[in-house]
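Just so it is clear, none of the values below were taken in a lab; they were calculated from the coordinates. This structure is a prediction, so every number in the text was calculated from the model and none was measured. FYI the Cβ positions are ideal-geometry reconstructions off the backbone, even for glycines, and counts take in every protein chain you see.
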Amino acid sequence: MNEVYDINTKDLDTVADILALIADTHRVAISAHTYPDGDAVGSCIAMAGFLRAVRKDVTIVLPKEDVGPVRVLDGFEGIVDPDAFDFSVPPDLFVCLDCADPSRICDARIREWVGKIPTLNIDHHGRELFGTKNFVVKDASSTGELVYDIARAAGWTIDRPIAEALWCAILTDTCRFTTPSTRPSTLRTAAALAEKGVRIAWLAEQIYQRESFNAFDLRRRAINSLECWFDGRVVTIALSTGDFAETGCKKQDGETFPEIPNSLEGVQLAVFFYPFPISDSGHTRISARSHADSPITAKMLAAHFGGGGHEHSAAATPALSIAETKRAVQDWLATVFN
Ligand SMILES: [Mn+2]
C-alpha cells in the first residue's frame, strides 16, 4: 500500500469496508466537485469502469460543459449532465470523488444524497469525512491515485481506458508529476498505469498543447496584469468579467494560470484573482499557490478568506469585487511580508 497512508490511517475505512458497502448496491451514481478538473473527471471515469466490470448500473453525473481538455478521455461521452439525470429515482450508492466537503459537490440535487443514501467518499483534501465510508488521504497526490489503490487492493481489472483516466487524474493534479505530493508511490502507480498501454505522449499533447487562440489571448491578458508585491515575494495576476467575455473564454481556460505568477524567480506566494462565476463581478476567486519558504501558505490565505484546499494550492471566493479583494489580500499579507 501507498506509503503516505501510515500518517493518515485514522481517516481510512478499509478496502474490505468499501467493498462491503458496494456489494449491496446495484444502481450507482458517481460525481465530483464543481468545475470538474482532470482529477475529478479521470477518477469518475475510472471508478465507473471498475464498477461496471462488477456489473453495477453506473452513471457519472457531472456538468459536462465545464470540463476542460480531459474531455478526450474514453468514457467522457457517457457522462450525464445533472439536468439530464432522473433525480426521482435515487441511486443505491453515491460515490463522491475529489470533494473536500459536501458544499463542493457540483449540483445541489446531488448534495442532498449525502446523509440520505449510502455514500462512498474518496478524496485527498481531507477536510470532512461526510461519507458512509471514507477513503480520505490528505497528502495523497490525487483522488486518482486513491482510486487506483482501492482497485488494486480489490483486485479489479485495469484496462487501457481506465488506466488513461487515472493517468490524467494523477498527471494533472500533480502538475505533471512536479508537486510536493508526488511521491515514489505516485510514480509507481504511474508506471503500473503506463504498462496498461496509456498513450502518454498523445494525452500530454491533448491536455497541454491544444490551447485555443482565445485562451492564449486570455493568457496574454493575465500576463499583462501581473503585479509584484513585497519585493516580488508575492506575485499576482487578475482577470475581469470583461477579459473572459471579450475573449469568449470559460473558467476552465484559465485553469493553469496560477502557474504564471508561481513560476517566477523569488516568488513565495502566487495569487490569481478572477470573477467567480466569471460573469459575476461581485464575487472574486482567490486561487493561490505557495512555495515552502512562504511565511503564509496558500491554505492559510484561502482559510483567512473562508476557503480551503491543499497546503500549497488553495482557493477562496469572498463576496467582493476584484479591486476590493486585492486590497484586502494585500492588507492582510502586509502584516507578515512587510
Ligand atoms: Mn484532486
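For this structure, a couple of remarks:
- Projected label points at Arg199 and Leu129, each 7 Å from Cα along the beta carbon direction, are separated by 4.2 nanometres.
- Each of Arg52 and Ala154 was given a label point 7 Å from its Cα along the Cα-to-Cβ line. The distance between the two points is 1.5 nm.
- Peptide ranges 245-258, 197-210 listed from the most packed, as the mean C-beta count within 10 angstrom indicates: 245-258, 197-210
- Loop-located chymotrypsin sites (Phe, Trp or Tyr not before Pro) in the range 146-182 whose Cβ has at most 14 other Cβ within 10 Å (DSSP): Phe177
- Charging the Cβ of each Asp and Glu at -1 and of each Lys and Arg at +1, and nothing else, the dipole of the chain about its Cα centre rounds to 140 debye.
- With the convex hull drawn over the C-alpha atoms of the chain, the volume per residue is 131 Å³.
- For the range 111-156, the list of trypsin sites (Lys or Arg not before Pro) that fall in a loop by DSSP and count at most 15 other C-beta atoms within 10 angstrom reads Lys116, Arg127.
- Order of Asp217, Asp24 under a 10 Å beta carbon neighbour criterion, fewest first: Asp24, Asp217
- By DSSP, the beta bridges lying fully in the range 220-338 are antiparallel in about 75 percent of cases.
- Alpha-carbon Debye profile of the range 213-337, log10 I(q)/I(0) at 0.13 Å⁻¹: -0.45
- Fraction of antiparallel bridges per DSSP, the range 5-207 only, in percent to nearest 5: 10
- The stretch between Asp231 and Leu187, if pulled fully straight at 0.36 nm per residue, gains 12.2 nm over its current Cα-Cα span.
- Entry note, the chain: relative contact order of 13 percent, from Cα contacts under 8 Å with a spacing of 6+ residues.
- Prolate/oblate/rounded label for the range 5-92 (Cα gyration tensor, a/c 1.5): oblate
- Cα-based Lys proximity count in the chain, under 14 Å, for pairs eight or more positions apart or on separate chains: 6
- The modelled label-to-label distance for the pair His283/Glu77, using points 7 Å beyond Cα in the direction of Cβ, is 3.4 nm.
- Karplus-derived 3J(HN,Hα) values for the range 253-270, using 6.51 cos²θ - 1.76 cosθ + 1.60 with θ = phi - 60°, are 5, x, 3, 9, 5, x, 5, 4, x, 6, 8, 8, 4, x, 6, 9, 9, 10 Hz; glycine and proline are entered as x.
- The spacing between the range 277-314 and the range 66-105, judged by their C-alpha centroids, is 25 Å.
- For the chain, the longest principal axis of the C-alpha atoms and the axis of helix 38-53 are separated by about 0°.
- Average 1/r across all pairs of distinct alpha carbons in the range 104-229, invert it, and you get the Kirkwood radius: 16.9 Å.
- In loop segments of the range 235-320 as defined by DSSP, there are no chymotrypsin sites (Phe, Trp or Tyr not before Pro) with at most 12 further C-beta atoms inside 10 Å of their C-beta.
- For the range 68-142, the Kirkwood estimate of hydrodynamic radius, built from reciprocal distances between every pair of different alpha carbons, is 13.5 Å.
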